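> Following this message is one structure expressed as structure tokens.
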Amino acid sequence: MIQRKEYLEKLIAWKDERVIKVITGIRRCGKSTLLTLYQNYLLESGISKEQIISINFEDLEYEDLQNYKSLYNYLISKIDAEKKYYIFLDEIQRVEDFEKAVDSLYIKDNVDIYITGSNAYLLSGELSTLLSGRYVEISMLPFSFSEYCELRTDKDRDLLFADYIKDGSFPYVALLGDNDEKREMYIEGIYNTIILKDIEDRQKRREPDVNKRKVTDLALLKNIARFLANSIGNPISIKSITDYITSSGRKTSQSTVGDYIEALEEAFIFYPVERYDINGKQLLKMNQKIYIVDLAIRRYLVQRSNYDLGFSLENVIFLELLRRGYKVNIGKLGTTEVDFVAKKDNRLVYFQVSASLADESTFKREITPLKNINDNYPKIILTLDRFSLGDYEGIEVMNAVDWLLKN
């Protein structure tokens, strides 16, 4: 079992703090495994089994607890006022009005609460209002390439990266080896479950809102998902998506498309990225880009003929920057663009990403925007080739695979 060290360390750091720990992420990214790892840590630290209460709401054994009153009464019956308890509630969004039970547990001094959910709407409704300032979110992603290499040691790391790009990063996929049929069936199952179950759960929890349309047209939702998957790394707008849908013979509105995109983002399938004016030091609202949580889902949605290595590499780097704790934007510098402006601890790092720099014109195109940035923050170009590596007037060209494996 891969230890998911960075996420485990975050949970350990928040142990016994007076906040609810909320772990969010796409279905099957490893949230339940993380809870198991953390519970093992607690046991090794001297916490007894009786002090750990764990419920997975996808298990039929706990179906009767999918109501906040039943859940609260069950948990209270397990708690002794003289002991400290660690409560784990996995896929909590399946419990009706769960925030009421969580809030009542939170006010007890001898309870440390950990919850997981597969939809970001979990934190945008009553929970965020009721528990404002009383929870911390830990956003989880599928395997990093470094974690993938921990599990698979059967090939050279460059060959493993080719598999990682092709097969995706879901933990269980890495265990399937070279069985393409099983892998594709598994990815299809994840995607369809997200579309049917997680977005349905979101619908149940969303309060009536005249300005928000419920996602009822699954054909339209899947059509929009395919468009987004095919547009990874390219500027998009709600208008451009609406025009595409309309041109294919389907009438829809920009507001409907916007609501459906929001549903896909809240299910952690897609991640929007805003553009940032490097000279003006401000965010730009127009023509954001979007990235996908896993490249195997992209391959499932997009025909192979439309698959692009450069955008796939860019997608991998974007997700890795998120894992490393950066806030990421697309950089605009005059008429040129910097792939990523990554910010952490009030410091910036600029990244360009290119599958190959072998062509001189490509090298010039990638390095020129970085040369035109007038500050002293690090500037890095990541590439899959190993022929152009080095320092060019303070701009470091690194192999992307090596960078992904660095701490």
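The values are calculated or read from the model by the stated rules, or taken from the named source; none is laboratory data. Note that the structure is a prediction, hence the values are computed from the model and not measured. Note that each Cβ is placed from the backbone with ideal geometry, even for glycine, and that neighbours are counted across all protein chains shown.
> Look at I53 and say whether it is touching a Phe, Trp or Tyr at 6+ places or on another chain (Cβ under 8 Å), of a type outside the set (D, E, K, R) and assigned to a loop (DSSP other than H, G, I, E, B).
Answer is no for this residue.
> Consider the stretch 177-204. How many of its residues are under 22 Å from the mean Cα position of the chain (by Cα) and more than 23 Å from L313 (Cβ to Cβ)? Quick ask: steps written out before the conclusion?
So in the stretch 177-204, the residues under 22 Å from the mean Cα position of the chain (by Cα) come out as 183-203.
Restricting the remaining residues to those that are more than 23 Å from L313 (Cβ to Cβ) gives 185-186, 188-189, 192-203.
Selection size over the stretch 177-204: 16.
> Hey, among L71, L34, which residue is farther than 18 Å from V102 by Cβ and in a helix (DSSP H, G or I)?
Answer to the selection: L34.
> If you don't mind, another one. Do the conditions hold for K10, that is, is it farther than 29 Å from L175 by Cβ and outside any strand (DSSP E or B)?
no
> Determine whether T335 is of a type in the set (V, I, T), without any contact (Cβ under 8 Å) to a residue 12 or more places away in the chain and farther than 24 Å from Y7 by Cα. Explain how you work it out, then say what you get.
Working: of a type in the set (V, I, T): yes; without any contact (Cβ under 8 Å) to a residue 12 or more places away in the chain: yes; farther than 24 Å from Y7 by Cα: yes.
So T335 passes the test.
> Another question, then. Give V353, V349, V341, V397 a once-over and let me know the one that is surrounded by fewer than 19 Cβ atoms within 10 Å (Cβ to Cβ), hydrophobic (A, V, I, L, M, F, W, C) and modelled with pLDDT of 95 or more.
Working: V353 fails: surrounded by fewer than 19 Cβ atoms within 10 Å (Cβ to Cβ); V341 fails: surrounded by fewer than 19 Cβ atoms within 10 Å (Cβ to Cβ); V397 fails: surrounded by fewer than 19 Cβ atoms within 10 Å (Cβ to Cβ).
Answer to the selection: V349.
> Is it the case that the stretch 26-36 has a residue that's at positive phi, under 18 Å from the mean Cα position of the chain (by Cα) and among the charged types (D, E, K, R)?
Yes - at least one qualifying residue is present in the stretch 26-36.
> Can you tell which of E58, E91, E99 is touching an Asp or Glu at 6+ places or on another chain (Cβ under 8 Å) and at positive phi?
Values: E58 fails: at positive phi; E99 fails: at positive phi.
After ruling out the rest, the residue left standing is E91.
> Given the conditions (1) in contact with a helix residue (DSSP H, G or I) (Cβ under 9 Å, 6 or more places away or on another chain); (2) surrounded by fewer than 19 Cβ atoms within 10 Å (Cβ to Cβ); (3) closer than 27 Å to I269 by Cα; (4) touching a residue at least 12 places away in the same chain (Cβ under 8 Å), which single one is not true for K69?
(3)
> Let me ask something additional. Those residues that are farther than 19 Å from G30 by Cα and touching a helix residue (DSSP H, G or I) at 6+ places or on another chain (Cβ under 7 Å), I need them from the stretch 284-298; list them, please. So that I can check it myself, show each step before the final result.
So in the stretch 284-298, the residues farther than 19 Å from G30 by Cα come out as 284-291, 298.
Correct list: I290, Y291, R298.
> Report whether or not I115 is assigned to a strand (DSSP E or B) and either at negative phi or in contact with a strand residue (DSSP E or B) (Cβ under 6 Å, 6 or more places away or on another chain) (or both).
yes
> Tell me, which strands (runs of 3 or more DSSP E) wholly within the stretch 249-348 include 2 or more residues that are under 30 Å from A162 (Cβ atoms) and of a type in the set (D, E, K, R)?
Correct list: 336-344.
> Ok, one more. Return yes or no: is K108 basic (K, R), in a helix (DSSP H, G or I) and touching a residue at least 24 places away in the same chain (Cβ under 8 Å)?
In short, no.
> Please find, among S146, S169, the residue that is modelled with pLDDT of 90 or more and within 16 Å of the chain's Cα centre (by Cα).
S169
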